[in-house]
1. Residue-wise, which Karplus ³J(HN,Hα) couplings in Hz belong to the range B:173-180, taking 6.51 cos²θ - 1.76 cosθ + 1.60, θ = phi - 60°, and x for glycine or proline?
2. Using a 10 Å cut-off on Cβ atoms, rank the peptides B:742-751, B:821-830 from the highest mean neighbour count down.
3. Within a 10 angstrom radius of each residue's Cβ in A:96-106, how many Cβ atoms of other chains show up on average? Whole number is fine.
4. Identify all lysines with a Cα-Cα distance to B:LYS892 below 19 Å; exclude those on the same chain that are fewer than 8 residues away in sequence.
5. Apply the Karplus curve 6.51 cos²θ - 1.76 cosθ + 1.60, θ = phi - 60°, to the phi angles in the range B:769-775 and return the couplings in whole Hz, x for Gly and Pro.
6. Determine ³J(HN,Hα), in whole Hz, for all residues of the range B:822-827 in sequence, where each value follows from phi through the Karplus function 6.51 cos²θ - 1.76 cosθ + 1.60 and θ = phi - 60°; x replaces Gly and Pro.
7. Report the local net charge at B:ALA52: Lys and Arg +1, Asp and Glu -1, summed over other residues whose C-beta lies under 11 Å from its C-beta.
8. So what is the relative contact order of chain B, in percent, for Cα pairs below 8 Å that sit 6 or more residues apart?
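Just so it is clear, none of the values below were taken in a lab; they were calculated from the coordinates. Not measured: the values here are computed from a predicted model. Counting neighbours? That spans all protein chains shown, and the Cβs are built from the backbone with ideal geometry, glycine included.
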Amino acid sequence: MSKRILIVDDEPNIVISLEFLMMREGHEVRVARDGEAGLAAVRTHRPDLVVLDVMMPKLDGFAVLEAVRADPGLAGTRILMLTAKGREAEQNKGLALGADAYMSKPFSTRDLVDKVKELLDRT
Amino acid sequence: MINGPLIIGISFAYLGLLFAVAYWADRRAEQGRSVIARPTVYALSLAVYCTAWTFYGSVGRATQNGLGFLPIYLGPTLMTFLWGALLLKMVRVSKAERITSIADFIASRYGKSQLLGGLVTIIAVIGVIPYIALQLKAIAWSFTILSHYPEVRMPVHGDRPFWGDTAFVVALLLAAFTILFGTRHLDASERHEGLVAAIAFESIVKLVAFLAMGLFITFGLLGLGGPALPPIEGSAQLKPLLEPSIAPFADWFAISLLAGLAVMLLPRQFQVAVVENSDERHLRRAIWLFPLYLLLINLFVVPIAIAGLLTFPDGTVNADTFMLTLPIIFEQPWLALLVYIGGLSAATGMVIVETIALSTMVSNDLVLPVLLRRWRRRPPAADLGRMLLTIRRGAIVVILLLGYLYYWLAGEAYALVGIGLISFVAVAQFAPAVIGGLYWRGGTREGALAGLSAGFLVWIYTLLLPSFAKSGWLPRAFMETGLGGLDILAPMALFGLSGWNEITHGLFWSLTANIGAFLFVSSLRAPNAAEASQAGIFVDASRRTALASAPLWRGSAEIAELITLAERFLGSVRTRAAFMQYARSRGLDSPDALPADAETVYFAETLLSGAIGGASARVMVASVTDEEPLGLDEVLNILDEASQIRAYSRQLEQKSQALEAATAELRAANVRLQELDRMKDDFISSVTHELRTPLASIRAFSEILFDDPEIDIEQRRRFLGILVSETERLSRLVNQVLDLAKIESGHADWRTEVVELQTVIHQAVSATEQYVEERGCRVHLDLPDESAMVWGDRDRIVQVLVNLLSNAAKFAPTGSGEVWIRLAPADAAWRVCVEDNGYGIPESDLELVFEKFHQTARGGAKPGGTGLGLPISRRIIDNLGGRIWAESPPEKGATLCFELPAHPGNPTDRRPDHE
């Protein structure tokens, strides 16, 4: 069952790998290169799941997360935070702000795929 | 209108007022609301210095030698500058040791010697009784002159029987006053509240009277009303007043010194300044208020003297009486009365305080030691306290009667009228023993005895006997030729010293003999145990607190005997109370529980000192205790220990200060370290973040390639390419982190060589050629012909240039990028600028780009760098003594520039560093 997935990250190579992995799972993938574009894409394309980086130009991942969670119309959007910031404090912050899952870079592709599947199955 | 009965009535009324003031102050003190515990009252009581001799005599002195009256007040004024140290020390010692008089002070200092106390008392009595007589004479004279109002007539001495003589009546009244308010307690170290209050009151009265008279006369002189005085003409008499001079200087100096010493050492001055002092902080006000008082009371001396000489030009009126005769001749009865009361104040104040001081000395230092000797054979009566008071009261009466007797006998003799300064010289003999004792540990009892005796004998020879000769009591020839007709021994030109006035001459020789004998005899032996321990207390008075009067006493004593002894003098109520208080201060609830140790014995001795003086107290205490004499070595050891303890505590203080400073430094260092730690954490966090990003790509693609063998070859190659480039990025990052760490830690090796910038620019261009071409970028060079030489490390400069070039190429638009490299001189430096045609840098980021891991996404794209290139470049350029910065003109790309100081040398000098 094909789902819409939005990848928001400013690292081109990571985007390429994520895009490849999600497409291989048969999902419809969109990409945004920074926070602002990511938030706009969430609003226009209503993805089922967002893979969201934290350190990004213009608007950081936490801000995007907050904005999405503040919008009741976007309530069903699953958000997976994926970041190179591995500290526990940041992980807790992400979860507290309403992220559905938090993975740190470098990530295991298998875990990521499983986690995405799990989140999408919840819908 | 002024007649005898009126004057007598007013005199009695005034003395009655004094009694009332004293009575009131004593009552207040009993209620615990002391009037004298005020600094102003203290300062005013010091003005007992200004006697009738000042009040009437200053004018007389001024008529004779102009400003010659001034040193008597200038000396004390100058001396107050030293009070903060000298008098303060005297007050502290006296409080701690319960000193009762100047004799007690000197005796205590030199091992509590009864002999010394006795000698000081004798000198004081002989030196001062004529001075008391002078006051009585002033009272009698002023009474007689005033009673002739409105006629001006000089009194004739001895025209009345002594029982009808004012001076005699006044002497008896003063004796009554002094007994009443001066011997209320046995403890002479206690303050006499009523007496001091009365003295302060008298100081105000005499000042007011003098100022009133001065203003009246001065207004007259200036033609502003007041008396009509003859015009001032250049009469010979007025010369010293109208053309004041301070010549001869030696006399000015000597009399200033003399008065400066007298103001502390006269028995009455010691009494008010030291014994009656209730709080050493009062000194602070006295230090300016007392000189101010002296200034005010001298303000009108010269005008009054001039007016007197103008009014009585024929010399029939004694200049010492101008204060009184001027208001009489100008028919100012009330002013004359006021002046009379002022003079009475000055005289009675002096007599009262001097008598109380002398009587304490006579009873404690002359009579008591004799009695003590007698008591060894025959036990005394039980209530010694009452007996002592009786002795002291007797002494008061005797001293006043002696004063009166001297006045009666001397009459108009020079030995009376000239006694003021002569008396000062006698008490100045105490100076070496007192001042030397406060600052020098080496003085001994014999030294002090020798000094005092020598000075006193010279005083008798050079000042007292000549004054007798001038009075006709000794053959006048004595003055000229001296003892045995030897000219060299002429009392007024000793050893041929002439040209000074007699006071200067006498002071010089007596003090010379005194100091010489004091130093010489003291040097004959080292201070013994008692002297050394007292020296410690006196010399260290400013530093020492209660702790240190560490009693130097060893032996056995019975507490009951000590208490019994004290009771015999002080009465049982006072003794029990004092011992009770002392026991409580040692944490015991009953005096009987007190250990009979050195401290208790010391306490008992000090308690007794207040009543009978230090020397007698020591003898009395020794009579009931069994003292084992301490050897000098032991005393010195104990004193040494005390001074070592002081030294230790000083060291400790210094060390604790150093410790505090060190703590503060450590705290600051800690703050710095924490800051550095935080920066390091931030750095590590940034580095890990930067490491995780390429690692994430590498891991993801490796896993993808590993898991999925089905991926087509094109995709596979692309992924492998990413792997390679991310690996390169990773190793570049690691290298740069290490490089930065090396530069920052200062461990980088810097070569210094002459570098030609054109060469390194070419080098950097060729190093980045491939990357630049890949980006489709064109590089333009704008270099001068002249060799641009700088000092520096060639490889590092290339590194910076490569950084700037690849940055520029990176941010220039792909395919149409243009990069300019410009080299130009700038003052004493060479400037290199690298410019691109990209999006530029926002104004706010111009400095931020040099911070670690700050990566600006210019034009929205994430740059592929490590975020360390520019920070490293900045550190390199800083290290080479240059500067690097970013510019970004609007609508243009970014420009990064650096400057390096130009190498001054000739380009041809440089080493061949071309490759």
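1. These are the phi-based 3J(HN,Hα) values: 4, 5, 4, 4, 4, 5, 5, 5 Hz.
2. Those peptides, ordered most packed to least, come out B:821-830, B:742-751.
3. Average neighbour count from other chains, rounded to a whole number: 2.
4. The reachable lysines, counting only those whose Cα sits under 19 Å from B:LYS892, are B:LYS810.
5. Here the 3J(HN,Hα) series is 3, 5, 4, 4, 5, 4, 7 Hz.
6. Using θ = phi - 60°, the values come out as 10, 10, 8, x, 9, 6 Hz.
7. +1
8. Rounded, it is 14 percent for chain B.
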